[in-house]
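The values are calculated or read from the model by the stated rules, or taken from the named source; none is laboratory data. Since the structure is predicted, the reported quantities are computational estimates derived from the model, not experimental observations. Virtual Cβ from ideal backbone geometry, glycine too; neighbours counted across all protein chains shown.
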Amino acid sequence: MNFDMSHLLQRWDYRPGEVMVRKIKGRDGTLKLQLRVDLGILQMNLDGRPDGKKPNGFPSFYDFLLRRLDDHVAKNGGDETFKLPTDSCTRLHLEALQYHHRYICLLQLEEFDAVERDSMRNLAVFDFAARYASTPELAWSLQQFRPQSIMILTRARATPLIRRRRQAKAVAEIESGIRLLNEFYDEVQRPDLQEQSIEVESLQNWLNDLRAVTPSRRRPSRREQLESQLSEAVQREDYEKAARVRDLLRNLRLPGSK
């Protein structure tokens with residue numbers, strides 16, 4: 001059997017900074033997602049755990065841990081002594097990354113309901129780890145990804161509203177996303193992360209664009225162009241470009257800048 005993937009990669013060139021995703025029909029007859037990365041192709045199931053595995057017979061490792069929690073509570077009368085060891089947090093982390101890859105792909109395909117499903121799932125995992133991880137460090141290993149999930153969830157909820165011209169509700173969704181981000185940074189006492197949060201800045205720029213009333217034929221200002229580039233870079237998770245654009249925006253704010 002020939003396991004060489006070269007023929008597949010040659011037919012689908014990788015373009016840096018772009019989320020390249022497609023749907024294909026698997027040999028089992030079900031649709032699957034493929035994500036082109038620089039060194040190959042990631043393939044994911046559309047439903048259930050992205051890699052199709054069933055840890056200990058459960059839909060996901062998270063579901064397995066929820067059953068363990070239920071058993072613990074039934075036996076001990078409460079969850080006070082239930083703790084997640086290092087290996088469990090590591091497996092939760094790796095599993096959450098699978099769902100993260102999938103909802104990035106689904107956002108690119110504009111399947112917003114599925115994006116909401118996966119991002120809400122990951123947020124529940126982060127809550128679970130925050131409550132039961134055996135150390136704060138283990139909890140943070142998952143909690144640090146909460147801002148990305150909140151931003152993606154906000155985009156998945158607000159974009160369809162904008163397309164249906166329900167701007168007021170879209171504004172409310174984006175405001176809610178920004179509020180959740182700021183509440184998270186306050187809760188974990190990380191003002192440093194809050195100040196440099198790409199997620200907050202991206203949603204705030206998007207909110208400003210929605211609120212702005214400008215003639216449609218007016219040429220966008222340099223600031224507006226950069227803000228649009230920042231939002232797009234964050235959505236593509238091209239954080240290196242986002243950092244460069246953010247620096248250009250900050251330079252515009254200096255005295256004498258236009």
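Annotations for the structure displayed:
- The number of residues in region 177-199 being outside any helix (DSSP H, G or I), under 24 Å from residue 247 (Cβ atoms) and free of Cβ contacts under 8 Å to residues at least 40 places away in the same chain comes to 2.
- Selection within region 138-155: residues that are within 19 Å of residue 201 (Cβ to Cβ) and of a type in the set (A, V, I, L, M, F, W, C). The member of this set that is surrounded by the fewest Cβ atoms within 10 Å (Cβ to Cβ) is 145.
- Selection from region 134-176 of residues that are of a type in the set (Gly, Ala, Ser) and assigned to a helix (DSSP H, G or I): 139, 141, 149, 156, 158, 168, 170, 172, 176
- Filter result for the condition that a residue is surrounded by fewer than 14 Cβ atoms within 10 Å (Cβ to Cβ) and not aromatic (Phe, Trp, Tyr), over 17, 52: 17
- Residues that are at pLDDT below 75 and surrounded by 11 or more Cβ atoms within 10 Å (Cβ to Cβ), drawn from region 185-221: 220, 221
- Selection over region 37-47 of residues that are at pLDDT below 90 and surrounded by 12 or more Cβ atoms within 10 Å (Cβ to Cβ) gives a count of 3.
- Residue match in region 23-32 (condition: over 30 Å from residue 132 (Cβ atoms), among the aliphatic types (A, V, I, L, M) and in a strand (DSSP E or B)): yes
- Scanning region 89-147 for residues that are among the charged types (D, E, K, R) and touching a residue at least 60 places away in the same chain (Cβ under 8 Å) turns up just one, 102.
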